[in-house]
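So the structure is just underneath, and the comments pick up after that.
The values are calculated or read from the model by the stated rules, or taken from the named source; none is laboratory data. Since this is a predicted model, take the numbers as computed values, not measurements. For neighbour counting, all protein chains shown are included, and Cβ atoms are generated from backbone atoms with ideal geometry for every residue, glycine included.
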Amino acid sequence: MSTKKLAAPYLIWMLIFTIVPLAIVIYFAFTDSLSGDFTLQNIRSMSSYLPILLKSVVLAIVSALICLLIGYPTAYYISTCSPGKQRLLYMLIMLPMCMSFLLRTLAWVAILEDTGIINSLLKNIGISPLPLIRNNGAVILGMVYNYLPYMILPLYSVMMKIDDRLYEAASDLGCNSAGVFMRVTLPLSVPGIISGITMVFVPAVSTFYISRKLGSTGTVLMGDVIESQFKTAYNPNLGAAMSLVLMVLVLTCVSLMNRFSGADEESVATI
């Protein structure tokens, strides 16, 4: 059986569930909701939502960087453990992902709300309740908690593939622990860093449930606006245009990340 025939099910799947929905989104984005005629008005209307789009990008970037600060040392530590301990820690990281995304987010609502667990404890010891929810910090916390495994797993995968002989060679050449990390571990883990940032940024920039439950009217993100166009405003054409612009933004970011990743791999290969 030829390779093309083996790839036929995948190609059919991509056609039905990727190409066709994308074509529908593009059609609605460039047509009028009443007459169905071609128009650019939906794209022009995006100018009114640029502040929300910018806020979505900023919060997604901040969340990705925090995930990197937490995930990198975690992945590095796991990669240095014994195989049995690695499997245990890997399972613990994957365990929250086995629970519903909605339940994980609602759990943080119960923890952070004004009458939640933290503020109830503070009240019992005589401290006034803190504004832990309905702000940007709560939204970022929700993103970091839900998407942190997407940062740790690619970093761990890349670090596990680093040849131990490279560490030995660096040590033999006079590098201390910090030098080995800066000259071997960090450069060779750049592809994992880029993959992790991409895997966190893409869902974070388009999220809507986290901002709805942990945020307020001042923390409305692009995902919330897109959802409202389909469910509340009943303007699928504008919602499709917003989705298209957001998708182009995400694809551009992913392409840039992949380009940097490829450049880093080539530079490492030439060393």
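Any residue at all in region 204-213 that is in contact (Cβ under 8 Å) with a residue 60 or more places away in the chain, surrounded by 14 or more Cβ atoms within 10 Å (Cβ to Cβ), more than 17 Å from the chain's Cα centre (by Cα) and more than 28 Å from Leu251 (Cα to Cα)? No, region 204-213 has no match at all. Inspect all residues belonging to region 91-105 and state whether any of them is surrounded by 14 or more Cβ atoms within 10 Å (Cβ to Cβ) and farther than 20 Å from Thr207 by Cα. Checked against the condition, which is being surrounded by 14 or more Cβ atoms within 10 Å (Cβ to Cβ) and farther than 20 Å from Thr207 by Cα, region 91-105 yields at least one hit.
Residue-by-condition table, conditions (1) within 15 Å of Leu69 (Cα to Cα); (2) over 16 Å from the mean Cα position of the chain (by Cα):
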site: Ile133; (1), (2): no, yes
site: Gly142; (1), (2): no, no
site: Pro149; (1), (2): yes, no
site: Ala178; (1), (2): no, yes
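Across region 152-169, which residue is nearest to Arg259 (Cα to Cα) among those that are touching a helix residue (DSSP H, G or I) at 6+ places or on another chain (Cβ under 8 Å) and free of Cβ contacts under 8 Å to residues at least 24 places away in the same chain? Only one residue tops the list, namely Leu166.
For region 34-61, a residue qualifies if it is in contact (Cβ under 8 Å) with a residue 12 or more places away in the chain and either among the β-branched types (Val, Ile, Thr) or surrounded by fewer than 15 Cβ atoms within 10 Å (Cβ to Cβ) (or both), and the qualifying residues are Ile43, Ser45, Ile52, Val57, Ile61. Filtering region 170-185 to residues that are in a helix (DSSP H, G or I), without any contact (Cβ under 8 Å) to a residue 12 or more places away in the chain and either surrounded by 14 or more Cβ atoms within 10 Å (Cβ to Cβ) or among the basic types (Lys, Arg) (or both) leaves Ser171, Phe181. Looking only at region 124-136, count every residue that is in a helix (DSSP H, G or I) and either buried (at least 16 other Cβ atoms within 10 Å of the Cβ) or modelled with pLDDT under 90 (or both) and tell me the total. Qualifying residue count for the region: 1. Of all the listed residues (Ala110, Ala64, Ala75), the sole one being in contact with a helix residue (DSSP H, G or I) (Cβ under 8 Å, 6 or more places away or on another chain) and either outside any helix (DSSP H, G or I) or exposed (fewer than 14 other Cβ atoms within 10 Å of the Cβ) (or both) is Ala110.
Residues are listed down the side, and each one gets a yes or a no for (1) over 30 Å from Leu132 (Cα atoms); (2) basic (Lys, Arg); (3) at pLDDT 90 or above; (4) in a loop (DSSP other than H, G, I, E, B):
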{"position": "Ile194", "(1), (2), (3), (4)": "yes, no, yes, no"}
{"position": "Ile210", "(1), (2), (3), (4)": "no, no, yes, no"}
{"position": "Gly218", "(1), (2), (3), (4)": "no, no, no, no"}
{"position": "Asp224", "(1), (2), (3), (4)": "no, no, yes, no"}
{"position": "Glu227", "(1), (2), (3), (4)": "no, no, yes, no"}
{"position": "Gly239", "(1), (2), (3), (4)": "yes, no, yes, no"}
{"position": "Val245", "(1), (2), (3), (4)": "yes, no, yes, no"}
{"position": "Leu249", "(1), (2), (3), (4)": "yes, no, no, no"}
{"position": "Asn258", "(1), (2), (3), (4)": "yes, no, no, no"}
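For region 1-36, the set of residues classified as touching a strand residue (DSSP E or B) at 6+ places or on another chain (Cβ under 9 Å) and either more than 18 Å from Met242 (Cα to Cα) or not acidic (Asp, Glu) (or both) consists of Phe30, Thr31, listed by residue number. Six or more apart or on different chains, Cβ atoms under 6 Å: show the pairs whose first residue is in region 227-243 and under 17 Å from Val205 (Cα atoms) and whose second is modelled with pLDDT of 90 or more and among the β-branched types (Val, Ile, Thr). Listed by first residue and then by second, the contacts come to Gly239/Ile226; Ala240/Val25; Ala241/Ile43; Met242/Ile226; Ser243/Val25; Ser243/Ile226.
Got at least one residue in region 139-149 being touching a residue at least 12 places away in the same chain (Cβ under 8 Å), surrounded by 14 or more Cβ atoms within 10 Å (Cβ to Cβ) and at positive phi? Checked against the condition, which is being touching a residue at least 12 places away in the same chain (Cβ under 8 Å), surrounded by 14 or more Cβ atoms within 10 Å (Cβ to Cβ) and at positive phi, region 139-149 yields no hits at all.
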